[in-house]
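Beneath this line is the structure, given in structure tokens, with notes to follow.
The values are calculated or read from the model by the stated rules, or taken from the named source; none is laboratory data. Predicted model, so just to flag it, every value in this text is computed and none were measured. Note: ideal-geometry Cβ built from the backbone for every residue, glycine included; neighbour counts use all protein chains shown. The protein model used for the area step is the full one, side chains on, heavy atoms only, and it has no ligands, DNA or RNA in it. Shrake-Rupley method; radii C 1.70, N 1.55, O 1.52, S 1.80 Å.
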Amino acid sequence: MPELPEVETVRRGLSKYFANEKIVAVQVLYRKLLLGDPEEFIQQVTGSTVREVDRRGKFLLLRLNNRQTIVSHMRMEGRYAIEDGSAQPRKHTEAIFKLANGSQIFYDDTRKFGKMQLVVTGQETEEVRSLATMGPEPTEATLTLDYLFARLQKSKKAIKGWLLDQNNLAGLGNIYADEVLWMSKINPLRPACRINREEAELLRENIIQELAFAIDQGGSTVHSFIDASGHAGHMQDKLHAYGRVGQPCERDGYELVKIKVAQRGTTYCPHCQK
DNA sequence: TGAGATGTTCACAT
DNA sequence: TATGTGAACATCTC
């Protein structure tokens, strides 16, 4: 379940392995992976070179040398893997990029939710609507307290759901939303507009620090996430709330409970998250 | 055996 | 406009 830290980890892996190697062939084994015409995709990508790999929120942007960009979203279980030239497609392999150096990059997706789309470089926001409306990246410079607090005040939504909305800020998913709320001692059901400025400041710092820390840990391996070279992350061992239902809160020892907020499983401490 | 849970985004309903 | 719900899928658990 790639969230921002996992996508960033994959981005770094792909940057290294695509690294100016020509893509000599593309195989698409699941046509619905692609938004747009599959033939057009294959034709444009074949013979091109990935100059660099960018990221915006949970989207990967593979910059080709022919003024095209592959916009890739892994959704739930999408996964890139580096393989040698003899590797055969697996049950859920949806696309294969064969590189000039003989290696292959597989895109696998057990649940088939992930999507790829070819767009003209620079036209991403015109062609991918969620990129056009996406909120700021969660960094010190781009996620300001003034923005965060003002935007929180405008919404009555439960804070958990608010944090998951990529239009408010980019990159948080279910795992890290639970984590930053636990760290900030905020109840996931609290309406966004009921968070005061001091709490917003704390929330902001926790979001920025937690995501940076998770990237440093190579992401969380909870269900299927593995980086592009096949290594699991370590972040799952550092989580305080997500996946710890029934276990004692590390702060006060009370039992963590699981509820549903915005249709998503949400684990929190009812004693210290107010 | 089969219902329910898993989690991201979009389309649609209210 | 803002918010909520179900669908797109496959797999695992109870």
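Rounded, prolate or oblate for the stretch A:1-80? Axes are the square roots of the Cα gyration tensor eigenvalues, ordered a ≥ b ≥ c, and the cut-off for rounded is a/c under 1.5. Mind showing how you got there, number by number?
Values: a/c = 1.91, a/b = 1.24, b/c = 1.54.
Cα axes put the stretch A:1-80 in the oblate bin.
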Distance in nm between A:Arg75 and A:Ser103 label points, each 7 Å along Cα→Cβ, equals 2.8
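What number in nm² do you get for chain A if you take the convex hull of its Cα atoms and divide its surface by four?
The directionally averaged projection comes out at 14.2 nm².
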If the chain between A:Glu126 and A:Ala212 were fully extended at 0.36 nm per residue, the gain over the current Cα-Cα distance would be 28.0 nm
Taking alpha-carbon centroids only, the stretch A:236-256 lies from the stretch A:24-99 a number of Å equal to 38
For the stretch A:144-209, the dipole about the Cα centre with charges only on Cβ (Lys and Arg +1, Asp and Glu -1), to the nearest 20 debye, works out at 340
Expressed as a percent, the accessible surface of the stretch A:4-131 that is carbon or sulfur, using a 1.4 Å probe and the full set of protein chains, is 45
Highest GNM mean-square fluctuation among A:Ala262, A:Ala95, A:Ala170, for chain A with Cα springs under 10 Å, belongs to A:Ala262
Sorted by chain and number, the residues with a modelled amide H under 5 Å from that of A:Leu169, at a separation of 5 or more or across chains, are A:Gly135
For A:Arg55, the residues 5 or more places away or on another chain with a placed amide H closer than 5 Å to its own amide H are A:Leu61
Magnitude of the Cβ-charge dipole (Lys and Arg +1, Asp and Glu -1) of the stretch A:4-131 about the Cα centre, nearest 20 debye, reported as 240
Rounded to the nearest Å, the spacing of the alpha-carbon centers of the stretch A:101-151 and the stretch A:160-193 is 19
With +1 on the Cβ of every Lys and Arg and -1 on the Cβ of every Asp and Glu, the dipole magnitude of chain A about its Cα centre, in debye rounded to the nearest 20, is 800
Dividing the surface of the Cα convex hull of the stretch A:145-268 by four yields a projected area in nm² of 7.7
The answer for A:Gly78, listing residues at least 5 apart or on another chain whose modeled amide H is closer than 5 Å to its amide H, is A:Gly114
Tilt, helix A:174-183 to longest principal axis of chain A (alpha-carbon atoms), in degrees rounded to tens, equals 30
For A:Asp237, the accessible surface traced by a 1.4 Å probe with all protein chains present amounts, in square angstrom to the nearest 10, to 120
Expressed in nanometres to one decimal, the distance between label points 7 Å along Cα→Cβ at A:Lys156 and A:Arg264 is 2.2
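By how many nm would the segment from A:Asp165 to A:Glu40 lengthen if fully extended, with 0.36 nm per residue of separation less the alpha-carbon distance?
Working: separation 125, 0.36 × 125 = 45.00 nm, distance 3.22 nm.
In short, 41.8 nm is gained.
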